[in-house]
Amino acid sequence: MGEKLTKQELHNLAMNIVGKQLEADGYEFLGVNSKLKTDPQFVALKSKVLHFVIVRAVSYPQDAQAYDPVLMNVIKEHADKFEAKTYYAGVGLGHGSDYGKPVLKDEDYTLVYKGLQEIL
């Protein structure tokens, strides 16, 4: 049986998924931070508007769409100082054949990602 991905590896996988979406949607990266618990992960520019994106890798049974409102409020207050928009990107990751099992190295994975959620 394969080895489980570490928290940092899961976080990096989630960041790659979100980063590819941002790139495809025309965002220009000004800053990228892949360290765990260092926010935001992406500072990006699109249509002359600054965007802060918080990325979280989530495992079953956690809801990928649910975020910590206290943390998001702190990030939003910081973003507001820069007239930036704030987004949460929760990426649910599970084993390829069973979402309820952990992701293993060099094996397929299941993805639950519904895109960016704006924090208002």
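Computed from the coordinates by the stated procedures, all read-outs in this text should not be read as laboratory data. Treat the numbers as computed from the prediction; the structure is a model and nothing was measured. Here Cβ is always computed from backbone atoms with ideal geometry, including for glycine, and neighbour counts include all displayed protein chains.
Backbone amide hydrogens, once placed in the peptide plane, bring Thr86 within less than 5 Å of Phe52, Ile119, excluding anything fewer than 5 places away on its chain.
On the basis of the beta-carbon distance and an R0 of 25 Å, Lys4 and Gln62 show a calculated FRET efficiency of 0.95. Phi-derived couplings, Karplus 6.51 cos²θ - 1.76 cosθ + 1.60 at θ = phi - 60°, listed residue by residue for region 46-52: 8, 6, 6, 10, 7, 10, 9 Hz, with x used for Gly and Pro. Among the trypsin sites (Lys or Arg not before Pro) within region 36-102, those in coil by DSSP and having at most 12 neighbouring Cβ atoms inside 10 Å are Lys37, Lys48.
Neighbour counts of C-beta atoms inside 10 Å place Phe42, Phe82 in the sequence Phe82, Phe42, starting with the fewest. Helices in the chain, meaning DSSP H runs of at least 4 residues, each add -39500 (n - 2.57). Divided by all residues, the mean residue ellipticity at 222 nm is -8500 deg cm²/dmol. Arranged from fewest to most other beta-carbon atoms within 10 Å of their beta carbon, Phe52, Phe29 become Phe29, Phe52.
Neighbour counting of Cβ atoms within 10 Å sorts the residues Thr110, Thr86, Thr38, Thr6, fewest neighbours leading, into Thr38, Thr6, Thr110, Thr86.
Modelled spin labels at Leu104 and Leu36, positioned 7 Å past Cα toward Cβ, are 2.2 nm from each other.
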